[in-house]
Amino acid sequence: MSFLGDIERFIATNLYPNRVAIAIGLVVLLVAAIVVARRRGWFAAARRHPGRTGAVVVLALAIGLPSAWYLGSPLFIRTSLNEPAPTAAPAASPEPVPTATPTEGSTAPSQAPTPTPAPTLAAPRSGTFTGADEFHFGSGTATLIETAPGAWTVRFEDFSVRNGPDLFVYVSPDAAGYDETAIDLGRLKATDGSFNMDLPVGSIPTDAASVVIWCKQFAVQFAVAPLATEG
């Protein structure tokens, strides 16, 4: 799908910023085409062969409408989700130290419980989303949190992104965005809101440099949040 991705990027970076002028031009071309068709009798020819004309129209609609819906519907379909923020693992409770049983006539020494050390968790890393271009916008923050030893979550706050047909979330070692070695967190939960996405069990994001919103279908980056240690 890299070819389709190149087309999508060309539209987003070259055509979308000039969308108003292009829309006006298309309307002018449509009116001109209708005038030419009437003068050359194309409409009359279509009426003389209703069967062929109907077949062509049905075929065009059968191909065009599903394709247009798949590609265009994400532009106006939005989803929202709000979840509580994840919590880190609680500190461990003290464990009593076993003592010897006192013999008759003796007194056992009192000993304070020895606390079990709390797990050491990595410091959170966060960043602010920016879109890849004017069309692929993105805003809000992403924070990579170790909630328990070896368990990681990305927290999205006040998040919003342009919808797409196949958006996934990645934790990438490249601060600029997607990389083939990035960790796949799965399909994006929502286009708007504050929510959590867990990294797969066993993931080791020690080299994580960004959180990426990536269109897997067309291999196009929508937004990226470079990560930095909080504090």
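The values are calculated or read from the model by the stated rules, or taken from the named source; none is laboratory data. Everything numeric in this text was worked out from a predicted model, so none of it was measured. Every residue, glycine among them, receives a Cβ derived from its backbone with ideal geometry; neighbour counts consider all protein chains shown.
Is it the case that some residue within segment 180-189 is without any contact (Cβ under 8 Å) to a residue 40 or more places away in the chain, under 16 Å from S80 (Cα atoms) and crowded, with 19+ Cβ neighbours inside 10 Å?
Yes, because at least one residue in segment 180-189 is without any contact (Cβ under 8 Å) to a residue 40 or more places away in the chain, under 16 Å from S80 (Cα atoms) and crowded, with 19+ Cβ neighbours inside 10 Å.
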Just need a number here: residues in segment 208-226 that are part of a loop (DSSP other than H, G, I, E, B) and of a type outside the set (S, T, N, Q). 5
When segment 15-55 is checked residue by residue, the ones that are at pLDDT 65 or above and among the polar types (S, T, N, Q) are T53
Just the residues that are over 15 Å from G127 (Cα atoms) and either crowded, with 21+ Cβ neighbours inside 10 Å or modelled with pLDDT of 95 or more (or both), please, taken from segment 163-177. G164, L167, F168
